[in-house]
1. Explain nothing, just compute: Karplus ³J(HN,Hα) = 6.51 cos²θ - 1.76 cosθ + 1.60, θ = phi - 60°, for every residue of the range 26-39 in order, whole Hz, x for Gly and Pro.
2. Would you mind listing how long the range 80-127 runs along its three principal axes, going by Cα atoms, in whole Å with the largest first?
3. Quick one: in the range 23-125, what % of C-alpha pairs are over 15 Å apart?
4. Quick one: if the Förster radius is 30 Å, what FRET efficiency do Arg98 and Leu44 give, using the C-beta to C-beta distance and rounding to 0.05?
Amino acid sequence: MLKQSILAAVALAALTSGLAARELEADDIRDRIAGKRIFLAVPLGGEFPLYYRKDGRVDGSGEAVGLGRLARPSDSGRWWISGNRLCQQWQTWYDGKRMCFQLISLGGNKLRWNQDNGDTGLARVGD
């Protein structure tokens with residue numbers, strides 16, 4: 001009986017998490033991103049904040065995660081939505097190349113991002 005209860009709980013958790021994950025469409029992206037800070041999870045711990053302004057500008061600062069030792073710690077650029085992708089272009093980061101991301105809601109304020117080059121990661125939406 002206990003084994004069946006545990007299996008049922010695991011199955012319910014899997015079903016629930018599957019329902020919560022969904023790809024964001026253009027309007028959803030705008031609603032979730034514009035005017036908000038997005039905190040990218042960093043592999044060795046910590047978060048990397050990006051501020052997506054409502055006017056289409058984006059600001060980033062990597063000082064909290066020690067980026068200043070490796071590269072320019074802060075940069076700004078622009079963001080826009082193309083199809084159902086969040087796109088951005090920095091002035092100096094990534095050599096100013098344009099990049100686009102699929103955003104997947106994981107429920108609450110959690111997101112998974114998939115960059116067009118195959119890179120993936122996790123983020124949370126702040127205020």
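No lab work stands behind these numbers, since they all come straight from the coordinates. Just so it is clear, the structure is predicted and the values come from calculations on it, not from any experiment. Cβ: placed from backbone, ideal geometry, glycine included. Neighbour counts: every protein chain shown.
1. Ordered by residue, 3J(HN,Hα) equals 3, 5, 5, 4, 4, 5, 7, 9, 4, x, 10, 9, 10, 10 Hz.
2. Here the Cα extents, ordered largest to smallest, are 33, 22, 19 Å.
3. Values: 3255 of 5253 pairs.
Value for the range 23-125: 62 percent of Cα pairs lie more than 15 Å apart.
4. Details: r = 27 Å, r/R0 = 0.90.
Efficiency computed from Cβ-Cβ geometry: 0.65.
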